[in-house]
Amino acid sequence: MEICWKIQAANGSIDGLDFNPMKDYMILSSSQKIAIAVLCTPLGLLSALENLVVLYLILSSHQLRRKPSYLFIGSLAGADFLASVVFAFNFVNFHVFQGVDSKAVFLLKIGSVTMTFTASVGSLLLTAVDRYLCLRYPPTYKALLTRGRALVTLGIMWVLSALVSSLPLMGWTCCPKPCSELFPLIPNDYLLGWLLFIAVLFSGIIYTYAHVLWKAHQHVASLAEHRDRQVLGMARMRLDVRLAKTLGVLLAVLFTCWVPVLTLMVYSLATTPSKQVKKVFAFCSLLCLVNSMVNPIIYALRSGEIRSSAHHRLAHWKKCLRGLGPEGKEEVPRSSVTETEADVKITLGPDSRELYCSDH
């Protein structure tokens with residue numbers, strides 16, 4: 001689609017005439033606009049609230065914010081919080097209210113959406129790598145992944161996400177190149193490059209979690225051969241099954257929320273999508289928002305330490321409201337086998353040396 005224009009005012013006025021250069025992208029009917037507003041607004045608010053709570057619980061706990069695992073989860077919560085706010089506002093403004101901005105403002109908005117979702121996927125990869133390192137190298141995990149290295153890695157990931165997302169704002173637009181059929185002012189070659197970048201991130205996530213699942217499978221098969229340790233073996237087998245189910249849910253949610261959107265992006269590069277396909281893409285885009293809403297439940301709120309931090313904060317506020325003053329020293333229980341922590345030990349048994357990461 002060749003659409004080279006110069007938007008001079010927020011109302012779409014060009015050369016003194018009323019003109020909306022993005023009308024080909026505003027394809028929703030009145031009923032569909034209502035549906036988008038009804039779905040997007042509460043999803044965005046709920047997702048932002050969930051991730052904000054996770055961020056607060058991690059940052060307010062001295063123990064949690066010093067652990068690399070929770071730094072990665074905090075980064076994921078921060079990215080999902082920003083994605084929820086930025087995406088929901090811009091998506092509703094564009095598709096429902098048909099707001100038109102200047103070229104620079106529009107590219108800044110779409111770049112901010114791209115950056116937050118890219119950082120979210122990048123944080124998912126770092127969380128997966130963290131768990132992979134813990135399970136693969138349990139004796140040296142604490143020395144291998146220090147807090148300083150985790151912060152440097154997070155900084156690199158966020159800078160890279162911002163750089164990749166700001167390329168259109170820095171001049172990589174579709175004029176005179178062919179524009180994307182799904183995103184105004186975004187060239188097809190940039191969209192292809194971003195898809196390849198996301199594909200690399202997803203490949204890393206799939207590899208790391210597939211490795212963990214394979215280790216769980218091997219361990220269950222090995223335990224089946226040692227009937228003399230039936231009680232201990234069955235307990236560990238239950239932990240293996242729990243781990244496999246948890247990681248299976250992670251991958252299932254990730255694929256369910258992202259594959260439809262990415263597939264339609266690839267389809268738009270191969271052929272010209274119809275208006276119906278564009279409408280389907282608009283509604284499928286909400287799945288990315290659903291992913292940001294589900295991530296804190298899967299990665300954070302299921303954590304025993306984060307739940308303990310929540311109980312501690314609630315008790316603290318309760319005492320303060322009663323005028324009893326703040327609580328004493330915070331106590332955090334040990335995490336489950338599905339969580340990766342900074343303090344690591346090797347579980348007994350030759351087959352469990354690379355599978356379990358638990359606290360002292």
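The values are calculated or read from the model by the stated rules, or taken from the named source; none is laboratory data. Since the model is a prediction, treat every value here as computed from it, not as a measurement. Cβ coordinates were reconstructed from backbone atoms using ideal geometry, including for glycine residues, and neighbour counts include every protein chain displayed. Side chains are part of the model used for accessible areas, which takes the heavy atoms of the whole protein and leaves out ligands, DNA and RNA. Shrake-Rupley method; radii C 1.70, N 1.55, O 1.52, S 1.80 Å.
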Review point. Which condition number does residue 35 fail, the rest of (1) part of a helix (DSSP H, G or I); (2) of a type outside the set (S, T, N, Q); (3) open to solvent by 30 Å² or more (accessible area, probe 1.4 Å); (4) modelled with pLDDT under 90 being met?
Key: (4)
**Study point:** Single residue of the stretch 117-137 satisfying the filter (hydroxyl-bearing (Ser, Thr, Tyr) and modelled with pLDDT under 85) that is nearest to the chain's Cα centre (by Cα)
**Key:** 132
Study note, to complete from the structure: For the stretch 152-171, the count of residues that are in contact with a Leu (Cβ under 8 Å, 6 or more places away or on another chain), farther than 22 Å from residue 209 by Cα and assigned to a helix (DSSP H, G or I) equals 0
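Here is a yes/no grid of residues against (1) modelled with pLDDT of 80 or more; (2) closer than 22 Å to residue 79 by Cβ:
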| site | (1), (2) |
| --- | --- |
| 288 | yes, yes |
| 292 | yes, yes |
| 303 | no, yes |
| 325 | no, no |
Check your understanding: Do we have any residue at all in the stretch 151-174 that's surrounded by fewer than 19 Cβ atoms within 10 Å (Cβ to Cβ), in contact with a strand residue (DSSP E or B) (Cβ under 8 Å, 6 or more places away or on another chain) and of a type outside the set (A, V, I, L, M)?
Key -> yes
Practice item. Check off (1) within 18 Å of the chain's Cα centre (by Cα); (2) within 27 Å of residue 303 (Cα to Cα); (3) crowded, with 22+ Cβ neighbours inside 10 Å for residue 67 and give me the number that stays unchecked. Key: (1)
Exercise for review: Determine whether the stretch 177-189 contains at least one residue that is part of a strand (DSSP E or B) and under 23 Å from residue 25 (Cα atoms).
Suggested key: yes
Point to revise | Qualifying residue in the stretch 195-204 (condition: out of contact with any strand residue (DSSP E or B) (no Cβ under 6 Å at 6 or more places or on another chain), over 17 Å from residue 268 (Cα atoms) and not in a helix (DSSP H, G or I)) | key: no
Review point. In the stretch 74-116, what count of residues is obtained for those that are modelled with pLDDT of 90 or more, among the β-branched types (Val, Ile, Thr) and either open to solvent by 40 Å² or more (accessible area, probe 1.4 Å) or under 15 Å from the mean Cα position of the chain (by Cα) (or both)?
Key: 5
Point to revise | Evaluation of residue 61 against (1) polar (S, T, N, Q); (2) open to solvent by less than 10 Å² (accessible area, probe 1.4 Å); (3) modelled with pLDDT of 90 or more (one fails), failing number | key: (3)
Check your understanding: Pick from the stretch 175-192 the residues that are open to solvent by 70 Å² or more (accessible area, probe 1.4 Å) and in contact (Cβ under 8 Å) with a residue 24 or more places away in the chain: which of them is nearest to residue 112 (Cα to Cα)?
Key -> 192
Review point. Being in a loop (DSSP other than H, G, I, E, B), of a type in the set (Gly, Ala, Ser), in contact with a helix residue (DSSP H, G or I) (Cβ under 6 Å, 6 or more places away or on another chain) and open to solvent by less than 60 Å² (accessible area, probe 1.4 Å), is that true of even one residue in the stretch 117-137?
Key: no
Review point. What number of residues within the stretch 38-56 satisfy the criterion of being open to solvent by 10 Å² or more (accessible area, probe 1.4 Å) and either modelled with pLDDT under 90 or of a type outside the set (Gly, Ala, Ser) (or both)?
Key: 13
Review point. Does residue 254 count as buried (at least 18 other Cβ atoms within 10 Å of the Cβ) and modelled with pLDDT under 85?
Key: no
Point to revise | Selection from the stretch 257-291 of residues that are open to solvent by less than 20 Å² (accessible area, probe 1.4 Å) and either closer than 27 Å to residue 46 by Cα or of a type in the set (A, V, I, L, M) (or both) | key: 257, 258, 261, 265, 281, 282, 285, 286, 288, 289, 291
